[in-house]
Amino acid sequence: MVLEGGALRGLFTAGILDVLMQHDIRFDGLVGVSAGACFGCNYKSHQPGRVLRYNLRFAHDPRYCSIWSLITTGGIYGAEFGYYRLPEQLDLFDRKTFEQDPMAFHLVCTDVHTGKAVYRRIDTGDRELSDWILASSSMPVVSKIVHIGDQDLLDGGIADSIPLRYFQEQGYERNLVILTQPSDYLKGPLRWSSLIRRILRRYPALVNAWEHRHEMYNAELSYVAEQQSLGNALVLCPQEPLPISHISHNRSLMRKTYQMGHDLAESQLPRILDFIKA
């Protein structure tokens, strides 16, 4: 499976993954970007319902997502609270099952010095997983750069938003691709680019990648469509724009977005099963 990001638009993806888990539909490998990694790891840990549950529970908790968190911690999504305390204490992530499940789990980050994608396979459920998911999910400007070893990393969606080609190169020739935008969506140029250039002036390669992200993204959409026409991919995406934005505290919109993914997966189960068996 290939899971793109989109912050809370990823609740649509979570709805699809929960249906797959409920029907015991498994895959050999998964690569997630940003929210695709953050929410997709629950597929490998066999925890349907967890993503929606903790987002609803902490929707109005300033430690989870807020301007207060941005001011006090440097990240609009509180890193220590959301990526460490939450899975370790408040809504336990099943690290043992994650490690025992044979599916390969990959994610994507962006190197802030080169603007290039960094790919990582994670087999352990310890803090290494949390570190890399945090890096993959950390949006520029509203998140701190994540330091792992000698690498400085941010949101993987800047460099490779839909890593289908990467996963095919790893040997996964046929993939279920889950997108969080409708099939007719095209990404436009970066807004506020002059302001972003000033804020991130120490990282010109990152800014350049971000400014050209729409070109990369739209080219990847074309590649996904081509692979679907060849029978190498099955694409699931919303039939209309999702009602939720990247950041939201509205529990009703969270439930609606999740349910849209859940309902789509239920309706597409025959196609999914046929694709897997082919």
Name the one entry in Ala265, Ala209, Ala219 that is farther than 29 Å from Pro140 by Cβ and aliphatic (A, V, I, L, M). Ala265
When both residues are 6+ apart or on different chains and their Cβ atoms are under 8 Å apart, which pairs have a first residue that lies in segment 176-196 and is part of a helix (DSSP H, G or I), and a second that is among the β-branched types (Val, Ile, Thr) and exposed (fewer than 14 other Cβ atoms within 10 Å of the Cβ)? Ile196/Val141
With (1) open to solvent by 20 Å² or more (accessible area, probe 1.4 Å); (2) not in a helix (DSSP H, G or I) as the list, and Gly5 as the residue in question, which single condition is left unmet? (1)
Within segment 182-200, is there a residue that is among the aromatic types (Phe, Trp, Tyr) and over 19 Å from the mean Cα position of the chain (by Cα)? yes
Pick from segment 171-207 the residues that are hydroxyl-bearing (Ser, Thr, Tyr) and open to solvent by less than 100 Å² (accessible area, probe 1.4 Å): which of them is farthest from Ala35 (Cα to Cα)? Ser194
Residues that are touching a helix residue (DSSP H, G or I) at 6+ places or on another chain (Cβ under 6 Å) and surrounded by 15 or more Cβ atoms within 10 Å (Cβ to Cβ), at least 1 per element: which helices (runs of 4 or more DSSP H) completely within segment 213-278 meet that? 213-229, 251-267
For segment 89-120, which residues satisfy the criterion of being open to solvent by 20 Å² or more (accessible area, probe 1.4 Å), in contact with a strand residue (DSSP E or B) (Cβ under 8 Å, 6 or more places away or on another chain) and in a loop (DSSP other than H, G, I, E, B)? His113, Lys116
Could you list, ordered by first residue, the pairs with Cβ atoms under 6 Å in which the first is in segment 214-229 and free of Cβ contacts under 8 Å to residues at least 24 places away in the same chain and more than 21 Å from Ser193 (Cα to Cα) and the second is part of a helix (DSSP H, G or I) and polar (S, T, N, Q), at least 6 apart or interchain? none
Looking at segment 62-76 only, could you name the residues that are assigned to a loop (DSSP other than H, G, I, E, B), touching a helix residue (DSSP H, G or I) at 6+ places or on another chain (Cβ under 8 Å) and of a type outside the set (A, V, I, L, M, F, W, C)? Pro62, Arg63, Tyr64, Gly75
Out of the residues in segment 135-170 meeting the condition of being in a loop (DSSP other than H, G, I, E, B) and without any contact (Cβ under 8 Å) to a residue 60 or more places away in the chain, tell me which one is surrounded by the fewest Cβ atoms within 10 Å (Cβ to Cβ). Asp150
Checked against (1) in a helix (DSSP H, G or I); (2) within 28 Å of Ile145 (Cβ to Cβ); (3) open to solvent by 10 Å² or more (accessible area, probe 1.4 Å); (4) in contact with a His (Cβ under 8 Å, 6 or more places away or on another chain), Phe39 satisfies every condition except (4)
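The values are calculated or read from the model by the stated rules, or taken from the named source; none is laboratory data. In this text, all values refer to a predicted model and were calculated from it rather than measured experimentally. Backbone-built Cβ (ideal geometry, glycine too); neighbour counts: all protein chains shown. Note: areas computed on protein heavy atoms with side chains; ligands, DNA, RNA excluded. Shrake-Rupley method; radii C 1.70, N 1.55, O 1.52, S 1.80 Å.
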